[in-house]
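Comments concern the structure below.
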Amino acid sequence: MSNELLEIKDLYVNAEEKEILKGIDLKINKGEIHVIMGPNGSGKTTTANAILNNPAYKKQSGSITFDGTDITNLSTDEIARKGVFMSFQLPEEIPGVSVTNFLKYAKNKITGQPVKIFAFKEELKKYMEELNMNPKNMERSLNVGFSGGEKKKNEILQMLVLNPKLAILDETDSGLDVDAIKTVSKGISMFKNDDNAVLIITHNTKILHSLKVDYVHILVNGKIVKTGDAELAREIEENGYSKYK
């Protein structure tokens, strides 16, 4: 059985008629943590949205294979059901829908199985305690009135509950203080195992300090210009991206 989980081949993507990705190649195996770093506007978020086939991002050519299936042209919900999860830079607020009900509905849609509410609430409570979240937030409307840190922790909670094969974290560390970043890193470590993978998109290396990262990719002007290990992230932290532009 193949250990390969995601393969992107020669992917070109436009957004609003502008070419953003210019021939991306990326391969992620099960059990790995990959990081995409790059300056603002380099195409990091476009890469994440292209994997989920967000219709605002138009694929011009290339292909994306996930767990042995070509997902290039599948709908976003089909891709999610196959096991791809994405956290957002700016999580949506949904008034009138509690955290519990949102996650219960999402898990039902992903698994196709009924969710036993009492056991589900106990699972939520356990994860929330691990993430230093107030258990009372279970009954609050999703992200409404939550602080920035609470919203980002809520994204990690969703990842743990839905347990995807691939978790894409798009600048989940953005705007977080040191303690919140440690909590997010802890959640990633709780999630990570030999059968899944994580793709972290960031321009800040702090979230990587307590994680064992397998590969770091530097994305500049729509192209991956350098791939290395965690040492490459440390180089960027010290020297920035100037040598790669």
**OP:** Could you go through region 195-210 in sequence order and give the Karplus-derived ³J(HN,Hα) for each residue, using 6.51 cos²θ - 1.76 cosθ + 1.60 with θ = phi - 60°, rounded to whole Hz, and x for Gly and Pro?
**Re:** 10, 10, 8, 10, 10, 9, 10, 7, 10, 10, 8, 4, 5, 8, 4, 10
Original post:
For the chain, what is the percent of antiparallel DSSP beta bridges, rounded to the nearest 5?
Top reply: 60
Subject >> Cα-based Rg and Dmax for region 131-245, where Dmax is the largest Cα-Cα distance (Å) >> reply: 15.4, 49
**OP:** Over every pair of different alpha-carbon atoms in region 1-42, take the mean of 1/r and invert it; report that Kirkwood radius in Å.
**Re:** 12.2
**OP:** Take the Cα radius of gyration of region 205-245 and divide it by 2.2 N^0.38 Å, with N its residue count; two decimals is plenty.
**Re:** 1.13
**OP:** Would you mind calculating the gained length between residue 76 and residue 182 on full extension (0.36 nm times residue separation, minus the Cα-Cα distance), in nm to one decimal?
**Re:** 35.1 nm
Subject >> Low-density loop positions, GluC sites (Glu not before Pro), region 61-108 - DSSP coil, at most 11 other Cβ in 10 Å >> reply: 92
Original post:
Cα-based Rg (one decimal) and Dmax (whole number) for region 1-113, in Å?
Top reply: 15.4, 44
Subject >> Rg over Rh, two decimals, region 132-194 (C-alpha only, Kirkwood Rh) >> reply: 0.95
**OP:** For region 72-182, go through all pairs of different Cα atoms, get the mean of 1/r, take its inverse, and jot down that Kirkwood value in Å.
**Re:** 14.5
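Throughout, read-outs are computed from the coordinates displayed, never taken from laboratory work. For clarity, every value in this text was computed on a predicted model and none was experimentally measured. So basically every Cβ, Gly included, is an ideal-geometry build from the backbone, and we count neighbours across all protein chains shown.
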